[in-house]
Every structure is written in structure tokens, then in C-alpha cells.
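The values are calculated or read from the model by the stated rules, or taken from the named source; none is laboratory data. What you are looking at is a predicted structure, and each value in this text was computed from that prediction instead of being measured. We place every Cβ from the backbone using ideal geometry, glycine too, and count neighbours over all the protein chains shown. With ligands, DNA and RNA removed, areas are computed over all heavy atoms of the protein, side chains included. Shrake-Rupley method; radii C 1.70, N 1.55, O 1.52, S 1.80 Å.
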Amino acid sequence: MRHAAMTTTKEPRAPSPGTSPAPPDASPAPPDASPAPPDASPAPPGAVPGTAPASAPAKPARDAPRTIRQLRLARLGKKRPPQRALENPLREGLRLERMPDPFAFILFGATGDLAHRKVVPALYQLWRTNLLPHEFMLVATGRRPYDDDTFRADLRASLDKYSRVLPIDEAVWAEFAKRIVYQQGDFNDPVMYARLSLRLDEIDTEHGTRGNRLYYLATHASAFSEIVAELGRAGLDHEMHGGGWRRVVIEKPFGRDLESAARLNREVGKVFREKQVYRIDHYLGKETVRNLLVFRFGNGIFEPIWNRRYVDHVQITVAESIGIEGRGSFYEETGASRDFLQNHLMQLLSLVAMEPPASFEADPLRDEKVKVVRAIAPKTPEEIRRDVVRGQYGPGWVAAEEVPGYRQEPEVDPESETETFIAVRFEIDDWRWAGVPFYLRMGKRLPKRASEIAIQFRAVPHRLFKDSSTDPEPNLLAMRIQPDEGILLRFGAKVPGLGLDVRAVNMDFTYGSAFSVDSPDAYETLILDALLGDASLFTRADEVEQAWGVVTPIIESWLDEPSPDFPNYEAGSWGPAEADELLAREGRRWRRI
């Protein structure tokens with residue numbers, strides 16, 4: 001192939017940095033000279049023909065920085081000063097709350113007792129305190145034939161009765177009520193979920209909720225599996241990139257035993273990923289329970305003595321003066337072991353006994369809690385007979401009012417064997433707590449409503465003040481969860497006078513007097529955390545199953561025992577005598593609350 005000859009004209013190129021330009025009197029190349037390669041630079045005088053010219057190094061300026069100090073100051077001068085945000089001096093000292101994304105709150109079981117007593121009042125308080133975004137909608141679902149207006153009127157009546165702050169602010173309620181709609185339907189009807197999906201799409205378009213949805217299951221536990229499955233079939237669980245988040249909050253009880261809890265976990269896991277699931281235990285939202293972590297890991301003086309060398313034993317008490325409040329059929333299937341021991345009491349125990357987490361985030365925190373429950377060995381039938389006490393209240397008097405026994409309550413079997421009181425002794429087989437007993441008790445129709453964690457420290461090894469009229473009591477740290485949230489520390493002090501008399505005195509801290517703020521309800525805290533995607537105060541699947549692994553053998557062992565002698569404690573007392581003997585045989589006693 002023949003190539004056509006092409007003539008190119010090359011523009012003169014400016015000398016590159018570091019090379020000397022050709023002198024002005026240099027003679028031009030003869031006409032017949034071969035052209036230089038396109039990228040060749042003119043050779044400087046004295047260069048050897050045919051060799052590449054060497055670049056002369058650039059001479060640094062005399063004032064160029066050379067020392068470390070000069071280089072640092074030069075680099076600092078090149079940096080742009082950061083733009084400082086304007087500060088509002090009026091906000092100094094105020095805690096700035098995170099605001100959730102726009103969202104739709106889909107409440108299943110909206111006509112039930114839990115929704116009216118706890119969930120909706122919590123949402124109203126969050127709205128009243130400006131902790132919810134303007135783009136928020138409450139979609140209530142239930143079987144009853146309400147329309148939007150009649151359901152709003154029903155909720156308003158409940159708020160007048162159960163709201164934490166009264167009276168209801170009319171202007172706040174008017175704005176809140178605009179964001180409430182009602183969707184009637186059966187939880188097992190696929191058509192209801194199809195209509196719900198369409199309505200949520202409309203809400204996203206009209207109210208700007210951006211596809212973010214929180215499903216709250218405030219129904220009977222038997223409906224959990226069906227609701228989750230139908231949400232999956234309707235595609236309401238899908239999280240698409242840029243299409244919003246989807247989360248589900250599941251109330252307790254999560255299962256009836258280890259087998260049913262594991263099965264429910266599998267069914268939920270088929271639809272939602274674990275990070276989308278929030279298993280709620282309202283006790284973890286209480287202010288003192290949350291402060292327990294701050295108290296332990298935010299103060300250097302307590303953690304070094306928080307172990308078997310200094311702690312004699314731990315008592316965790318949840319006492320209720322009320323009965324079953326018309327929930328006879330529910331409590332007959334639940335009892336104190338399923339209603340409180342498996343969740344509330346085990347959660348409090350794990351928070352007291354856990355190791356410091358690597359960070360204050362959901363998974364590191366829950367990892368340490370699970371380790372504690374794993375270290376509690378399941379009890380044998382013989383150990384259960386020795387270390388577990390169950391009881392049922394009979395007729396009596398509470399707060400100067402005569403009350404019926406459990407078997408006389410509505411919807412309760414006259415020969416019921418369901419326990420309304422349970423006390424248990426656990427030990428944690430790990431390096432920190434080996435040999436330290438943990439005593440847990442819960443009961444209904446006790447003299448007062450009180451929840452407390454008591455850390456009983458060991459007595460001094462040697463009685464030094466022998467002339468004192470009384471022996472100094474061992475130190476005690478008590479954390480009051482409800483009511484009158486606070487912390488009490490007991491220590492010995494000398495009685496003023498000429499003698500050497502030692503008495504126990506209390507240093508008492510209460511939230512109300514120290515901070516002069518109204519603590520939020522536990523449901524307000526937990527719902528806001530779920531909206532923010534913070535699962536720190538919610539239980540994980542493995543945590544639930546480990547707790548059931550401890551409690552299930554206790555419940556099953558009762559099936560092989562003869563019928564209990566119920567009722568065995570009078571309403572208004574502190575439970576059966578066997579509960580006192582549980583501690584007395586080791587030289588201890590329950591703390592008087």
C-alpha cells in the first residue's frame with residue numbers, strides 16, 4: 001500500500017521549565033536539514049549532537065522555607081481558615097435532640113388497650129415536645145368499624161385519661177389529629193394489606209413521608225406471625241435504595257417458651273432482616289434503667305468494686321400493688337414467669353452483670369448482655385425445687401382496700417395454678433461474678449408499687465470499732481427504678497458525741513429534685529429510638545432465645561410436680577414465706593423497700 005506524503009508545519013514551542021531558551025543570535029537550520037522530532041527541544045550551546053539535553057534544576061528562591069518551622073508555617077498559611085458556624089447563645093447548655101426522618105406509623109391493634117394506654121399517648125407527647133417531624137402520619141388498623149373521625153374522638157377520650165401531661169393542649173391536639181387515619185380490616189385478610197399498601201403510597205405522595213414506615217404490633221401475641229407474613233406477601237417489608245426504611249416493633253411476650261420463641265424468630269426472619277426488627281421491653285426505656293449504664297461505665301469509682309471481691313449478693317425486685325386488671329384470660333396463659341421473669345427481670349440482671357461494651361452502640365451492647373445470660377446455667381429439677389419459689393395471691397387488703405384473690409378474678413379458673421409471684425436464685429458462672437447469688441422476685445398484689453436493684457456489698461473483714469453499740473451495716477447501693485427514680489448509697493458514720501457509736505446513714509439522689517425535669521415515659525423513649533434506628537434498648541433474637549433457655553426448664557418442671565398449695569400468700573403481704581426462706585438459709589434477707 002502506498003502512503004501519501006504529508007507535510008506538517010510545527011509551531012515553535014515555549015521552553016519547558018528548567019531549560020535555557022535558545023540564544024537570540026543562534027543561526028537557523030539550513031533548508032535541507034532534517035526536521036527535529038516533534039517533541040525535541042532546541043539543544044543548548046555546548047551540547048553534544050545526538051544526545052538528550054539534561055534539564056537544569058530549578059534554583060530555589062532565597063526566601064523559600066527550609067527548616068521544619070518554616071515549612072510548617074508555610075503549610076499553615078496555605079490552609080483556608082475553617083468557616084465557623086454562627087452560634088446561637090440562647091441555645092448554650094441545651095441538649096439538641098435528633099429528629100427522625102419523615103415517616104408513617106402503622107399501628108396494628110389500634111383499638112386495643114395497649115395502643116390507647118401507652119402507644120398513642122407516647123406519640124402525642126413526642127409530637128407535643130417537637131420531637132416528631134412535620135411529615136408524620138399515624139395509620140391505625142383494627143377490626144372495629146371506625147371511620148377517621150370516630151376513631152380520633154375515641155383516641156381523644158383515651159388521651160384525657162392516660163396522657164402523662166394534662167390537660168390536653170387543644171392546638172397541639174388539632175394538629176396531631178390531622179395526621180391520624182383509620183384502616184379497617186382483619187389481620188389475616190390479604191385484601192386489607194393490598195389496600196394498606198395503596199394507602200401508604202398515597203400518604204407518601206400527599207404528606208411527604210418518603211416511604212419510611214414503622215409497623216407497630218400492639219396485638220395479641222398469637223397474631224404476630226400472621227401480620228409479619230402478610231406484610232411480606234404484600235411487599236411492605238422491602239427496603240429499596242432511596243425508597244425509605246421499613247422497621248417492625250414487636251411487643252412482648254415474644255413466644256411462650258424456647259421452642260415458640262425460636263419459631264417466631266425464624267418466621268420474622270423470613271420477612272425482615274434482624275436490623276429491621278425491634279423487640280420491645282418497656283422496662284429498658286425507664287430512666288433509671290438507662291442511667292444504670294451511665295452510672296457503671298461513666299464513673300470511675302464504682303466499676304473497680306463491681307465484682308465478686310466486694311459484692312456479697314444482688315437483689316432485683318419488681319413489686320406491683322395491682323392485680324391483673326381484668327386481663328384474666330391473658331394472665332392465665334402467661335403467669336409471672338412469662339410476663340416478668342423471662343423479659344424484665346432477666347434484662348435488669350444482664351445490665352447489672354454485663355462487662356463494659358466496646359462502644360455504646362446496639363450490637364456491642366447486646367453482645368455483652370447475651371454473654372451474661374449464657375453464663376446462667378439452666379437448673380435441674382432438684383435445683384428448681386431448691387432455688388425457685390412460686391406463689392399466688394389470695395384475698396386481702398391493699399392500701400386500705402379489700403381486694404379479691406386471684407382465683408376470684410374475672411376470666412380466671414377457680415382452681416388455677418398460674419403463679420402471680422416468683423422468686424428465684426441465679427448464679428452467673430463467669431470471672432466477675434462466680435459465687436455471687438442474684439435474687440430476683442416479682443409479685444402482684446404486694447403492699448406497694450416499687451422496682452429496685454440493690455447491690456449488697458460485703459461486710460468489713462474485721463470489726464475495728466468494738467465499742468460501738470451496734471455493728472456497722474454493710475454498704476448498700478440501691479437504684480430505684482420506680483417510683484421516685486433515684487440512687488441511694490448506705491455507709492457507716494460516727495454518731496456525734498463523746499462515744500464512738502457507728503450508725504448507717506444514707507446518701508440519696510432523686511431525679512426529680514436534682515434535675516427538676518419531667519422524665520419521659522418509657523414508651524416515648526423506645527418509640528423515638530425505633531424511629532431513629534437505634535436498637536440499643538431493644539432485644540436481639542439470640543438474647544430472647546437465651547433468656548427462654550433459662551426460664552423454660554423452670555416452667556416445664558412444674559408440669560411434673562404435684563398441684564401447688566395455692567393461694568399461698570395474702571394480698572397486701574410481701575409474698576409467700578418460702579421466699580423469705582430462700583435467703584434466710586444463707587443468712588440473708590430481702591431488703592425492705
On the accessible surface of the chain, probed at 1.4 Å, how many percent belong to carbon and sulfur atoms?
53 percent
Going by alpha carbons, how many degrees (0 to 90, nearest 10) lie between the helix axis of 224-233 and the longest principal axis of the chain?
30 degrees
Work through the residues other than residue 447 whose Cβ is under 13 Å from its Cβ and net out their charges, Lys, Arg +1 and Asp, Glu -1.
+2
Compute the signed sum of charges (Lys and Arg +1, Asp and Glu -1) over the other residues within less than 9 Å, Cβ to Cβ, of residue 558.
-4
So which chymotrypsin sites (Phe, Trp or Tyr not before Pro) in the range 431-518 pass both tests, a DSSP loop state and at most 10 other Cβ atoms within 10 Å of the Cβ?
431
Once fully extended, how much extra length lies between residue 165 and residue 509, figured as 0.36 nm per residue of separation less the alpha-carbon to alpha-carbon distance?
121.4 nm
At 1.4 Å probe size, with every protein chain present, just tell me what the per residue accessible area of the chain comes to in Å².
55 Å²
Taking Cα atoms, the helix 362-374 axis meets the longest principal axis of the chain at an angle in degrees (rounded to 10) of 40 degrees
Rank these by accessible area, largest first, 1.4 Å probe: 114, 526, 76.
76, 114, 526
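Can you give the extra length, in nm with one decimal, that the chain gains between residue 71 and residue 584 once fully stretched, where that is 0.36 nm per residue apart less the Cα-Cα distance?
Stretched out fully, the residue 71 to residue 584 stretch lengthens by 177.1 nm.
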Shape verdict for the range 309-448, please, from the Cα gyration tensor: rounded (a/c under 1.5), prolate (a/b greater than b/c) or oblate.
prolate
For 225, 516, the accessible-area ranking with a 1.4 Å probe, largest leading, is 516, 225
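Shape verdict for the range 96-251, please, from the Cα gyration tensor: rounded (a/c under 1.5), prolate (a/b greater than b/c) or oblate. Don't skip to the answer; put the middle values down first.
Details: a/c = 1.70, a/b = 1.24, b/c = 1.37.
It is oblate, given that a/c is not under 1.5 and a/b is not larger than b/c.
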Prolate/oblate/rounded call for the chain, Cα gyration tensor, a/c under 1.5 rounded:
prolate
To the nearest 10 square angstrom, how much accessible area does residue 297 have with a 1.4 angstrom probe?
70 Å²
Rounded to the nearest 10 degrees, what's the angle between the helix 541-558 long axis and the longest principal axis of the chain, both from Cα atoms, 0 to 90?
20 degrees
Loop sites in the range 399-443: GluC sites (Glu not before Pro), DSSP, at most 10 other Cβ within 10 Å
415
Sorted on mean Cβ neighbours within 10 Å (highest first), peptides 175-186, 122-133 come out as 122-133, 175-186
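If you add up the charges near residue 305, with Lys and Arg at +1 and Asp and Glu at -1, over every other residue whose beta carbon is less than 14 angstrom from its beta carbon, what do you get? Don't skip to the answer; put the middle values down first.
Working: positive: 296, 308, 309, 432, 458; negative: 303, 312.
Here the charged neighbours net out to +3.
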Tally the DSSP beta bridges in the chain and give the antiparallel ones as a percent, rounded to 5.
55 percent
